[in-house]
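A.B. asks: Would you mind keeping the following structure in view while I ask a few things?
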Amino acid sequence: MVELKNVDVHFKDGGGVDALNGVNLRIEDGEFVFIVGDSGAGKSTLLKLLTREIAPTSGRVFVNGYNLAKIKNKKIPYFRRSIGMIFQDFRLIPDLNVYDNVAFVLRVTNKSKKTIRHRVPYVLNLVKLADRAKSYPEKLSGGEKQRVAIARALVTNADIILADEPTGALDQKTGREVLELLKEINKSGKTVIIVTHDEGIAKVTDRIITISDGKIVGDN
């Protein structure tokens, strides 16, 4: 579950900016949600709150049972293992092949070799990349790179998948395919939260949260 209660984020740099103002939001387990808004609306700040890259100036933020307003620094890495993050620019490691890009997430968390041998082929099969396991990022299409990024988010079996503009670097057809894949992931029981400026792609879900000038202005 994700819940924000009366959250403000105020940046002192630049003369003082209210990035978020009085935000209240609740997303239940298993939901498929889009958060939409123009550039500068507060989407990036909200995403940084949910990953605990920043802390709220005031208010409370709960994600997967963690109180992110009070969490100790040493516990933040453990919290982040409970979420899977998908980036617009993929963030693949260029000198690792597809298999090792996905396995890397498990290796840095000291998972056993047996777990890696089981989980990596499993998620690559889910995203239809089993035949590309030995390929390197430079040989992949944009859609394939995004599928690797999705596999990497799934491999830890995280309960919540956060996607930052997951179709932004893709053509329309490939973008639709990625959204369909995320819908299938949601049907498996995962909470999927997609942050985007493109309201058009948000029509594939029943819940669209609109943010503007740091405030929630719509929740349909």
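A.B. asks: Which of the residues that make up the range 197-207 are touching a strand residue (DSSP E or B) at 6+ places or on another chain (Cβ under 6 Å) and either in a helix (DSSP H, G or I) or crowded, with 18+ Cβ neighbours inside 10 Å (or both)?
C.D. replies: Those that are touching a strand residue (DSSP E or B) at 6+ places or on another chain (Cβ under 6 Å) and either in a helix (DSSP H, G or I) or crowded, with 18+ Cβ neighbours inside 10 Å (or both): E199, A202.
A.B. asks: Out of curiosity, is F87 under 24 Å from G30 (Cβ atoms), among the aromatic types (F, W, Y) and either touching a helix residue (DSSP H, G or I) at 6+ places or on another chain (Cβ under 7 Å) or surrounded by 15 or more Cβ atoms within 10 Å (Cβ to Cβ) (or both)?
C.D. replies: Yes: the conditions hold for F87.
A.B. asks: What residue, among those in the range 96-105 that are of a type in the set (A, V, I, L, M, F, W, C) and open to solvent by 40 Å² or more (accessible area, probe 1.4 Å), is nearest to L181 (Cα to Cα)?
C.D. replies: This residue is F104.
A.B. asks: Still on this structure, please answer the following. Out of (1) part of a loop (DSSP other than H, G, I, E, B); (2) out of contact with any Gly (no Cβ under 6 Å at 6 or more places or on another chain); (3) open to solvent by 30 Å² or more (accessible area, probe 1.4 Å), what's the single condition that is false for A41?
C.D. replies: A41 satisfies all of (1) part of a loop (DSSP other than H, G, I, E, B); (2) out of contact with any Gly (no Cβ under 6 Å at 6 or more places or on another chain); (3) open to solvent by 30 Å² or more (accessible area, probe 1.4 Å) except (3).
A.B. asks: May I pose another question? Of all residues being crowded, with 21+ Cβ neighbours inside 10 Å and among the hydrophobic types (A, V, I, L, M, F, W, C) in the range 163-178, which is nearest to G84 (Cα to Cα)? Just the residue, please.
C.D. replies: Step one: filter the range 163-178 for residues crowded, with 21+ Cβ neighbours inside 10 Å, giving 163, 166-167, 178.
This time we only want the ones that are among the hydrophobic types (A, V, I, L, M, F, W, C), so: 163, 178.
Values: A163: 8, V178: 16 Å.
In this case the residue turns out to be A163.
A.B. asks: Across the range 131-162, which residue is nearest to D95 (Cα to Cα) among those that are open to solvent by less than 50 Å² (accessible area, probe 1.4 Å) and basic (K, R)?
C.D. replies: Filtering first and then ranking leaves R152.
A.B. asks: Run down I71, I93 and say which single residue is under 24 Å from G214 (Cβ atoms), at pLDDT 95 or above and either open to solvent by less than 20 Å² (accessible area, probe 1.4 Å) or of a type in the set (V, I, T) (or both).
C.D. replies: I71
A.B. asks: Among the residues of the range 18-53, how many are without any contact (Cβ under 8 Å) to a residue 60 or more places away in the chain, of a type in the set (K, R) and closer than 19 Å to M85 by Cβ?
C.D. replies: 2
A.B. asks: If you take the residues of the range 106-117 that are closer than 20 Å to I83 by Cα and assigned to a helix (DSSP H, G or I), which of them is most open to solvent (accessible area, probe 1.4 Å)?
C.D. replies: Taking the candidates together, the pick is R107.
A.B. asks: Sticking with this one: Identify, please: which residue in the range 1-21 is within 14 Å of S212 (Cβ to Cβ) and touching a His at 6+ places or on another chain (Cβ under 8 Å) and is, among those, least open to solvent (accessible area, probe 1.4 Å)?
C.D. replies: A19
A.B. asks: If N24 meets every condition in (1) surrounded by fewer than 21 Cβ atoms within 10 Å (Cβ to Cβ); (2) among the polar types (S, T, N, Q); (3) modelled with pLDDT of 95 or more; (4) part of a helix (DSSP H, G or I) apart from one, which number is that one?
C.D. replies: Of the numbered conditions (1) surrounded by fewer than 21 Cβ atoms within 10 Å (Cβ to Cβ); (2) among the polar types (S, T, N, Q); (3) modelled with pLDDT of 95 or more; (4) part of a helix (DSSP H, G or I), the odd one out for N24 is (4).
A.B. asks: Does F79 satisfy being in contact with a Leu (Cβ under 9 Å, 6 or more places away or on another chain), open to solvent by 40 Å² or more (accessible area, probe 1.4 Å), over 23 Å from G168 (Cα atoms) and not basic (K, R)? Show your work before the answer.
C.D. replies: On the way: in contact with a Leu (Cβ under 9 Å, 6 or more places away or on another chain): yes; open to solvent by 40 Å² or more (accessible area, probe 1.4 Å): no; over 23 Å from G168 (Cα atoms): yes; not basic (K, R): yes.
It is false that F79 is in contact with a Leu (Cβ under 9 Å, 6 or more places away or on another chain), open to solvent by 40 Å² or more (accessible area, probe 1.4 Å), over 23 Å from G168 (Cα atoms) and not basic (K, R).
A.B. asks: Considering the range 46-68 alone, what residues qualify as being more than 20 Å from T191 (Cα to Cα) and open to solvent by less than 70 Å² (accessible area, probe 1.4 Å)?
C.D. replies: I54, A55, P56, S58, G59
A.B. asks: Would you check if there is a residue in the range 172-187 being in contact (Cβ under 8 Å) with a residue 40 or more places away in the chain, outside any helix (DSSP H, G or I) and not basic (K, R)?
C.D. replies: There is no residue in the range 172-187 that is in contact (Cβ under 8 Å) with a residue 40 or more places away in the chain, outside any helix (DSSP H, G or I) and not basic (K, R).
The values are calculated or read from the model by the stated rules, or taken from the named source; none is laboratory data. Since the structure is predicted, the reported quantities are computational estimates derived from the model, not experimental observations. All Cβ positions, glycine included, derive from the backbone under ideal geometry; neighbour counts span all protein chains shown. What goes into the accessible areas is simple: the full protein's heavy atoms, side chains included, and nothing from ligands, DNA or RNA. Shrake-Rupley method; radii C 1.70, N 1.55, O 1.52, S 1.80 Å.
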